[in-house]
Structure formats: structure tokens, C-alpha cells
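Working notes for the structure below.
Derivation of every value follows stated rules applied to the coordinates shown; laboratory data play no part. Bear in mind the structure is a predicted one, so any value in this text is a computation, not a measurement. FYI the Cβ positions are ideal-geometry reconstructions off the backbone, even for glycines, and counts take in every protein chain you see.
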Amino acid sequence: MEQLQAERQRAIQQAVAEASQEIAQLKETIVAMRGELERMHFEKQRAVQQAVAESAGEIQQLNGAIRALREQLERQRFEHDGELQDLRRAARDEHRQLQETIVALRAQIEARNGG
């Protein structure tokens with residue numbers, strides 16, 4: 001009877017020891033998984049921050065390019081307006097000169113024809 005009780009005690013102690021080992025292993029697994037989870041979270045945050053920083057740099061470059069293109073467009077528009085005014089002025093001057101030539105030629109023809 002004592003032997004049976006001693007075996008039960010050993011079985012209980014062994015079961016308790018095995019359960020304690022399993023609990024310890026599970027705790028280690030939890031600690032390891034938490035560490036991995038934290039590392040993954042940190043890596044994700046770092047990747048997001050890096051992507052945001054890269055996007056901000058790209059946005060800044062694009063805004064600079066847009067600003068430069070707008071300035072170039074304004075310069076070209078200003079130059080075009082000036083050229084257009086010059087062409088209109090030249091056309092008006094030529095038109096006036098042609099009108100004056102017509103008047104002078106008419107006067108010559110009328111003077112020849114006794115007019």
C-alpha cells in the first residue's frame with residue numbers, strides 16, 4: 001500500500017514537474033513571440049516612416065519641378081506677348097506705309113493723267 005502511495009506521489013510529482021516544464025516552455029515561447037511581435041511592429045513602423053520620408057522627398061522634388069515649369073511657362077508667355085505686340089506693331093506700320101504709298105502713287109497717276 002505504501003509502495004502504491006509512493007508511486008502515486010512520484011507520478012503526481014512527475015506530472016507536476018512535467019506541467020511545470022511545459023509551463024516554463026510556454027512562458028519562454030510567449031516571451032519569444034512577444035519579442036518577435038515587437039520586432040515586427042518596430043520594422044513595420046520603420047518601413048512606414050521610411051516610405052513617408054521618401055514620399056515627402058519626392059513630393060518636394062515634384063513641387064520644385066512644377067514651380068520651375070510654371071516660371072518657364074510665364075517667361076514664355078511674356079516673351080510670346082512681346083513678340084505678338086512687335087508683330088502687330090510691324091503690321092500696323094507696314095499697313096500705314098502701304099496706305100501712304102497708295103496715296104502717293106494715286107497722286108502721281110492723277111498728276112500724269114491731268115487729274
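Annotations
- Unique match (being of a type in the set (A, V, I, L, M, F, W, C), part of a helix (DSSP H, G or I) and surrounded by fewer than 10 Cβ atoms within 10 Å (Cβ to Cβ)) among A19, A111, A91: A111
- Filter pass, G82 being exposed (fewer than 10 other Cβ atoms within 10 Å of the Cβ) and either in contact (Cβ under 8 Å) with a residue 60 or more places away in the chain or out of contact with any Lys or Arg (no Cβ under 9 Å at 6 or more places or on another chain) (or both): no
- Region 66-115: number of residues that are within 30 Å of the chain's Cα centre (by Cα) and of a type in the set (K, R): 4
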